[in-house]
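The values are calculated or read from the model by the stated rules, or taken from the named source; none is laboratory data. These numbers were taken from a predicted model, which means no experiment stands behind them. Quick reminder, even Gly has a Cβ in these numbers, built from the backbone with ideal geometry, and neighbours come from all protein chains shown. Remember, those area values only see protein heavy atoms, side chains included, never the ligands or the DNA or RNA. Shrake-Rupley method; radii C 1.70, N 1.55, O 1.52, S 1.80 Å.
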Amino acid sequence: MTSDQAAQTSAVDVVAAGALIAEAFADLPTAQWLVADRDVRVRLLGEQFSWFAEHGLKHGVVHTIGDEAVAVWFDNTADAPWIDRYDERLDALVGDRHPRFAMLDATFAENHPHGPHFHLALLATRPDRQGTGLGGRLLERQLARLDEAGVAGYLEAAEPRSAALYARYGFEPLGEPFYLPEDGPPMFPMWREPR
């Protein structure tokens, strides 16, 4: 990844971004629900998250702080195509785990709000740098732009702790938490009106 980037740029290394996000998310309940084995989980999610970072570069914005933190936003203010051959690529990547990944995607889609907004798909800080304010810096960058443009923001927090972080930046609960199927963990949808 590049040094302290504040704007969308093709210079973002999407493979490195995916790996960073996977390592940061590896122990979240949602990730554990997807794939039991941690090493396999990090490998599979790293690949999938690299697709999301690439999509963010094309249809949103990706912010980085060196190789320490990354935020991937999708622009949902206009229709945009989804990742090319996503289901086919996902099936090839995860094999017999595909039904669970499909359940996750379907549950997220069912609970996604309508109306124009930017979707914070992924915000991650390298595990040894978590709690140092890097995620907040990345949030502030894009939220200032959304405020200026009069655009709302949306995200799904994976834990109450991360929901509390987002609340400090103006995100509010969007209804009740929703749960992943088969006794899966809760997700906390949050919305932020522009200021």
Within region 107-195, report the GluC sites (Glu not before Pro) that DSSP leaves as loop and that have at most 11 other Cβ atoms within 10 Å. Glu182
With region 107-195 reduced to its Cα atoms and the Debye formula applied, log10 I(q)/I(0) at q = 0.16, 0.17 1/Å amounts to -0.65, -0.73
Heavy-atom accessible area with a 1.4 angstrom probe orders Arg137, Arg129, Arg41, Arg161, most exposed first, as Arg161, Arg137, Arg129, Arg41
If every alpha-carbon in the chain counts as one equal scatterer, what log10 I(q)/I(0) does Debye give at q = 0.18 1/Å? -1.41
Quick one: ranking His59, His117 by accessible area, 1.4 Å probe, largest first, what do you get? His59, His117
Comparing Thr125, Thr77, Thr64, which has the greatest mean-square fluctuation in the GNM of the chain with Cα pairs linked when under 10 Å apart? Thr77
Kirkwood hydrodynamic radius (Cα pairs, Å) of region 78-155? 15.3 Å
Around Ala17, under 14 Å between beta carbons, what's the net of Lys plus Arg minus Asp minus Glu among the other residues? -4
Mind telling me which of Ala121, Ala69, Ala22 comes out most flexible in a GNM of the chain, alpha-carbon contacts under 10 Å? Ala121
If you bin every alpha carbon distance in region 26-134 into 10 Å steps from zero, what whole percent lands in each bin? 12, 41, 38, 8
Mean accessible area per residue over region 69-195 (1.4 angstrom probe, all protein chains present, square angstrom) is 53 Å²
If Arg43, Arg38 are ordered by their accessible area, calculated over protein heavy atoms with a 1.4 Å probe, which sequence runs from highest to lowest? Arg43, Arg38
Carbon-plus-sulfur fraction of the accessible area of region 11-131, 1.4 Å probe, in percent? 51 percent
